Every structure is written in C-alpha cells, then in structure tokens.
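All remarks here apply to the structure that follows.
Every number here is computed from the coordinates shown, using simple stated rules; none is lab data. Remember, it's a predicted structure, so these values are computed and weren't measured experimentally. Every residue, glycine among them, receives a Cβ derived from its backbone with ideal geometry; neighbour counts consider all protein chains shown.
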Amino acid sequence: MNLQFNDRSVTVAIVGCGGFVGYHLLNAVLCRTKWRVFGVDLDFYRIQDKLNNERCEFLCGDLADPAVVERIAKYPVVVNLAAICTPSRYMAEAAAVIRSNYDHPAALAEACAKSGSWLIHFSTSEIYGRTADDSGLLDEDSTPVVLGPVAASRWSYATAKLLTERYMAGLSGLKWTVVRPFNFVGPYMDFMPGVDGEGIPRVLANFSSALVRGEPMKLVNGGVARRCFTSVYDAVDFMFALFAAGSGRQLNMAEAGGTSEFTDSPAYSQAFNVGNPDNELTIAELAQRMRKIYASIKGVAVESVPVPVEVSGEAYYGVGYDDSLRRLPSVGKAERMLGFRAATPIDECLRDSLTWFVEHYFVDGAVASDEDAAASFSKDATASSGKDATASSGKNCVAG
Ligand code: UDP
C-alpha cells in the first residue's frame with residue numbers, strides 16, 4: 001500500500017466521522033493531506049461545516065446494514081470509530097452495546113478481509129478490565145486481562161471489544177491494526193446532558209457540565225479510580241504516525257523485480273495503546289484541578305465553585321456498575337514502532353477542553369439551549385472558513 005499524504009487518489013473511509021474523535025480526525029485528514037474522505041455516521045451534528053467539502057462524501061448509515069459495510073470496504077484504508085462507548089449505557093443496554101462493539105465491527109472486518117482494505121479498528125483501554133489500584137503498566141502484548149463477573153454488566157463493552165480484537169486477529173488475510181485509547185479528552189467531547197444529549201457522558205464532559213451549571217461534580221465511589229487523560233490532538237498525531245507506517249517500506253527496483261512495490265507494514269497485526277502515562281490523576285484530583293481551571297476561566301474565586309460530592313457507583317450508574325481502578329498505559333511499543341509519544345500535559349488538556357465547553361455551552365450568561373449549541377457548531381464553522389487549510393499542527397488547523 002502506498003499512502004503518501006499528498007496523493008489525491010487515496011480515499012480513507014472514516015466510520016463514526018461525526019463523533020468526538022471522528023470530528024478531529026476528519027479535520028486533520030483534510031488539513032494535513034490531499035486525501036479524500038468517505039465519512040459514515042448517523043449524526044453529522046458536529047461536522048456541519050464539512051458537509052459540502054468537495055473532498056468528502058458522506059453516508060448516513062450504520063454498520064448493521066450489510067450494504068453500508070460493502071461500500072465502506074471498497075476503500076483501501078478504513079478507520080472504524082463507531083461504537084456505543086459511554087459507561088452509563090453498558091448496564092442498561094448491554095445487548096445493544098455488544099451488537100455495536102462486536103457484531104457490526106466483525107462484519108466490517110470480514111468485508112475488509114475480502115476486499116484487502118487496511119482496517120484500523122478503535123478498541124478500548126477498557127479491555128484491560130478490572131484493574132486494581134496497584135496495577136502497573138498495561139502492556140499490549142504481555143498484560144493478563146481480567147474482566148468482572150457476568151452480573152457486573154459494565155464489562156459487556158470490554159468483552160465485546162476484546163472479542164472483536166480476537167476475531168480480527170483470527171481472520172485470514174485481514175490487514176488490521178487495533179488502537180486502544182486511554183481516556184481521550186478535548187474540545188467537542190461527548191455532550192452536555194439536557195442540552196444536546198441525555199444520560200451520563202464520560203467524566204470530563206460530565207464534570208464540565210456540572211461546573212457550567214454551578215452544580216457539584218459527583219465523585220463515584222470516592223473518586224479513587226485513576227485515569228491517564230490523553231489529548232485528542234495527540235491521538236490524531238498517533239493516527240498520522242500510523243498512516244505513515246501503513247505504507248510499509250518501498251522496495252528498491254532490484255528487490256521488487258523491476259516494479260515499484262511496498263512490503264507489508266510493520267503496523268499490521270498489532271494492537272497499540274494510545275495514552276499519556278504522564279497525565280495520571282485520581283478522579284478526585286481531576287475534580288479539584290477542573291475546579292481551579294474553571295475558576296480561572298471565569299475569573300472568580302475557586303471557593304465560589306461548588307465542592308465535589310461523593311456518590312456510590314450503583315446509585316449513580318445503576319446495578320451492575322464496576323470499575324477499573326487504574327489504567328496506566330505502557331507506551332513503548334508506539335514509540336519504538338511508530339516514533340510516537342503523546343506530549344500534551346494534563347493542565348493544557350483540561351484547559352483546552354473546559355474552555356471550549358464553557359464557550360460552547362454557556363451562551364449570554366446562561367446554559368445554552370439545544371438550538372444554541374447547534375448554532376455554536378455552525379459558528380465554529382464560519383469562524384474557521386478563512387483558516388490555513390495546509391497548516392500542519394492538528395490543534396491550530398481547522399478545515400472548512
Ligand atoms: N466518574 C465520576 N463521576 C462522573 C463520571 C465518572 O467519578 O460524573 C468516574 C467513573 O466512575 C470512573 C472514572 O470517573 O471511575 C472515568 O469514567 P468515564 O465515564 O470517563 O469512563 P471510563 O474511563 O471508566 O471508561
């Protein structure tokens with residue numbers, strides 16, 4: 001496979017292009033390459049500004065539909081970001097979570113195995129399971145995985161994701177790479193409950209919502225669990241390191257018998273952690289940092305921002321909630337094989353995310369309505385239309 005970033009003949013399929021990571025990846029592909037994009041999603045709310053982009057073709061559809069799967073698998077590179085991935089849904093909708101995270105990606109993997117496409121599948125750091133608070137580095141190729149009991153349906157998601165990884169690895173002829181994200185954060189993450197979504201988003205969006213509403217952040221089971229928060233801009237940089245490796249090595253003419261050929265990429269048949277071990281915080285520490293950052297964004301005394309309160313996991317999420325107490329990624333493999341290491345420090349990640357959240361959801365001195373939030377996405381688009389579409393930094397580049 002020859003994946004030069006300036007090659008206009010390459011089309012990458014991004015499944016889940018309208019989600020949080022999809023938004024950033026789509027933007028970066030349009031900014032940093034000359035590629036075309038075939039984008040698939042059910043919701044295009046975040047990417048209204050891209051819908052008329054001449055390098056994009058969008059399809060409103062989902063992987064439950066075999067015709068959609070067939071169309072996606074025609075493209076040489078397929079990135080699958082589609083998933084139900086909010087913990088609050090793992091208990092209430094376990095069967096749907098398993099269909100979304102096993103049945104549908106397995107069908108896509110089969111189609112890619114037939115067509116020869118390179119499938120980059122977003123799995124999860126949750127596959128490392130029910131880690132204890134003294135767990136060490138989680139290594140892609142040596143850490144044992146322990147999931148919780150069947151009664152703890154929190155693990156429906158991890159079980160399905162892990163089975164998908166195994167299925168892909170077992171499919172003959174499939175060119176695959178698995179990405180395991182460690183708590184990506186950044187602008188455009190999740191939703192604000194009661195404004196543009198319902199239920200409980202992941203912790204950073206949920207804490208941001210509480211801050212904007214002037215309500216206390218809720219520390220589940222004392223907020224003792226630890227996570228390594230990773231900038232979504234670093235995640236996008238990882239993808240570019242992966243795309244670059246996806247070309248494999250160009251053989252010289254003699255090696256290739258007189259033709260221009262590429263070897264198989266070393267990135268095939270590998271799982272990679274994508275995380276930032278330097279950004280580890282307990283959830284209680286996260287709440288305190290966010291309190292301070294929020295106070296500085298709003299120019300108010302930190303004492304005026306409500307203190308967090310504790311709540312039990314079962315009371316908050318429902319019966320069947322369980323947790324990983326520590327998720328510390330080993331990142332040596334991505335560094336060794338792809339030359340990638342996440343670099344954005346925790347306070348920058350939190351300030352970026354929270355600043356965006358406040359600007360987006362706090363309109364004219366009040367919490368935004370659904371229409372305000374949607375209008376704000378269009379405003380982002382208008383503001384971005386004059387920006388330099390060839391800039392190389394993911395963070396400062398916005399493709400209109
Ligand atoms: N959490 C919390 N308060 C919230 C939301 C989440 O204390 O309002 C905790 C949750 O119990 C877990 C951690 O924060 O220990 C991270 O949760 P998240 O939903 O972001 O996803 P996870 O990392 O567990 O997949």
For this session: Note down the nm distance, to one decimal, between modelled labels 7 Å out along Cα→Cβ at D264 and at A64.
Result: 3.6 nm
Problem set entry | Residue exposure sequence - C31, C17 - by fewest surrounding Cβ within 10 Å | C31, C17
Problem set entry | Net lengthening on full extension, N2/V300 (0.36 nm per residue, minus Cα-Cα) | 101.9 nm
Problem set entry | Given K50/K333; K161/K292; K74/K161; K218/K292; K161/K333; K34/K175, the pairs whose alpha carbons are separated by over 27 Å | K50/K333; K161/K292
Problem set entry | Backbone HN-Hα couplings from phi across segment 311-317 [Karplus 6.51/-1.76/1.60, Hz, Gly and Pro as x] | 8, 7, x, 5, 5, 7, 9
Seminar exercise, completed: Exposed trypsin sites (Lys or Arg not before Pro) being those in a DSSP loop with at most 16 other Cβ atoms within 10 Å, the longest stretch of the chain free of them is 75-248
Exercise. For labels at D364 and K74 in the simple 7 Å Cα→Cβ model, what's the distance in nm?
Worked result: 4.6 nm
For this session: Could you list the square roots of 5 times each eigenvalue of the Cα gyration tensor of the chain, that is, the equivalent ellipsoid semi-axes, sorted largest first and rounded to whole Å?
Result: 34, 25, 20
Exercise. Just the C-alpha atoms of segment 90-144: what Rg/Rh do they give, with Rh taken as the Kirkwood radius?
Worked result: 1.08
For this session: Round to the nearest 10 and give me the degree value, 0 to 90, for the angle of helix 370-384's Cα axis relative to the longest principal axis of the chain.
Result: 50 degrees
Exercise. At what distance in nm do the modelled label points of S142 and A343 sit from each other, each positioned 7 Å from its Cα along Cα→Cβ?
Worked result: 2.8 nm
Exercise. Roughly how tilted is helix 283-298, in degrees to the nearest 10 and between 0 and 90, from the longest Cα axis of the chain?
Worked result: 80 degrees
Seminar exercise, completed: note: segment 177-317, Cα-Cα separations exceeding 18 Å make up a percent value of 67 percent
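Do the sum for the chain: with -39,500 (n - 2.57) for every DSSP H run of n ≥ 4, divided by all residues, what is the mean residue ellipticity at 222 nm, to the nearest 500 deg cm²/dmol?
When only DSSP H runs of four or more count, the value is -11000 deg cm²/dmol.
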